[in-house]
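The values are calculated or read from the model by the stated rules, or taken from the named source; none is laboratory data. This one's a predicted model, so the numbers in the text were calculated from it and none came from an experiment. Heads up, the Cβs are rebuilt from the backbone with ideal geometry, glycines too, and the neighbour counts pull from every protein chain shown.
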Amino acid sequence: MSVVPFSIRDRGSYLWFLIPGALLLLAVILVPFGMNIGISFTEWSGAGEPEWIGLDNYTRLMGDGTFWASFRHNVGLVVAMAVLPTLAGLVIAAALFDFVGKHFGSRHASILRACIYLPQVLPIAVAGIVWSWILAPQDGALNEVLRAVGLDSLAQNWLGDPDLALWSVMGVMLWIQVGYPVVIFMAGMQRVDPSLHEAAELDGASWWGRFYHVTVPQIRPEIFVVLLTCTIAALKVFAPIYVLTRGGPGGSTNVPSYYSFQNFFEKTQVGYGAAIATVLTVLILVLTTVFLRVQNRGDHR
């Protein structure tokens, strides 16, 4: 009688614990995504029978100037939600970990870290409404402060000017997003071997040199995680646009996810909205694959 190796039996027993998660993945993500792909090949108003039109929605998408403009706006949000928070988060985390933590104690560093992370905890509707008040053109806090210090000429309609609206949204998103990398990077810095910093300091390396040549390479996995998750969040951003500008003024802050929403619910062009959502999802999957492959190559080196 053959004996089944323990490792195989053990592995089989673990598979049972994956079934609930697999069923949830199938019901919540895979099946709806498959249905969305199917709808993208139809012309449908959301009621009645969908009419099969093949690739017409995707052909229309390639020539839709509003769609491509929304992607250009999304590039700005990737900078505001992924690139700048990562750079700022590295510097802030290093300052809290190396300066505040060592000179004033870890308790003070933790309090400051919590304060910086607070915007991440706030509901986006609350944060959006607060920033709408701050950036209001007539009695907004920002313009009132500028007028109080004699800088009346700098007071602007921050969310109502097509030339300023996207920059204003980017600023708000930077404020919301920067706390996330700070927390991740400070956690990563705790696992860096202190002897590496001590050796670099004995060799005469400055703080910046130790940070750039020791800390940053050691927390490279955390940097990849932050860049990946923040880039995905920027590509699928919806709620801040909905609360702050509704894609306006004049489409200057429209993004693919909100443009898809408009076609789904405002224009009742469900098939076209599904095509936009499908393209956006495929783009996110491709970028995720590229990020993971680059990270794996870096780990192998």
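As a summary of the residue check, F264 satisfies the conditions (1) in a loop (DSSP other than H, G, I, E, B); (2) over 16 Å from the mean Cα position of the chain (by Cα); (3) of a type in the set (A, V, I, L, M, F, W, C) except for the one numbered (1). Residues in region 191-213 that are among the polar types (S, T, N, Q) and either touching a residue at least 12 places away in the same chain (Cβ under 8 Å) or part of a loop (DSSP other than H, G, I, E, B) (or both): S206 alone. With respect to the conditions (1) out of contact with any Phe, Trp or Tyr (no Cβ under 8 Å at 6 or more places or on another chain); (2) buried (at least 16 other Cβ atoms within 10 Å of the Cβ); (3) at pLDDT 90 or above, A239 falls short on a single one, namely (2). Whether a residue is in a helix (DSSP H, G or I), farther than 17 Å from G76 by Cβ and either at pLDDT 95 or above or not acidic (D, E) (or both) was assessed, and T288 passes this test. Cβ-Cβ contacts under 8 Å between residues 6 or more apart (or on different chains), taken from a first residue in region 141-153 that is within 20 Å of W131 (Cβ to Cβ) to a second residue that is among the charged types (D, E, K, R) and assigned to a helix (DSSP H, G or I), are listed as L146/D152. If only residues of region 39-69 that are assigned to a helix (DSSP H, G or I) and in contact (Cβ under 8 Å) with a residue 40 or more places away in the chain are counted, the one that is surrounded by the fewest Cβ atoms within 10 Å (Cβ to Cβ) is T66. The set of residues in region 70-87 that are crowded, with 16+ Cβ neighbours inside 10 Å and aliphatic (A, V, I, L, M) comprises L77, V78, A80, M81, A82, L84.
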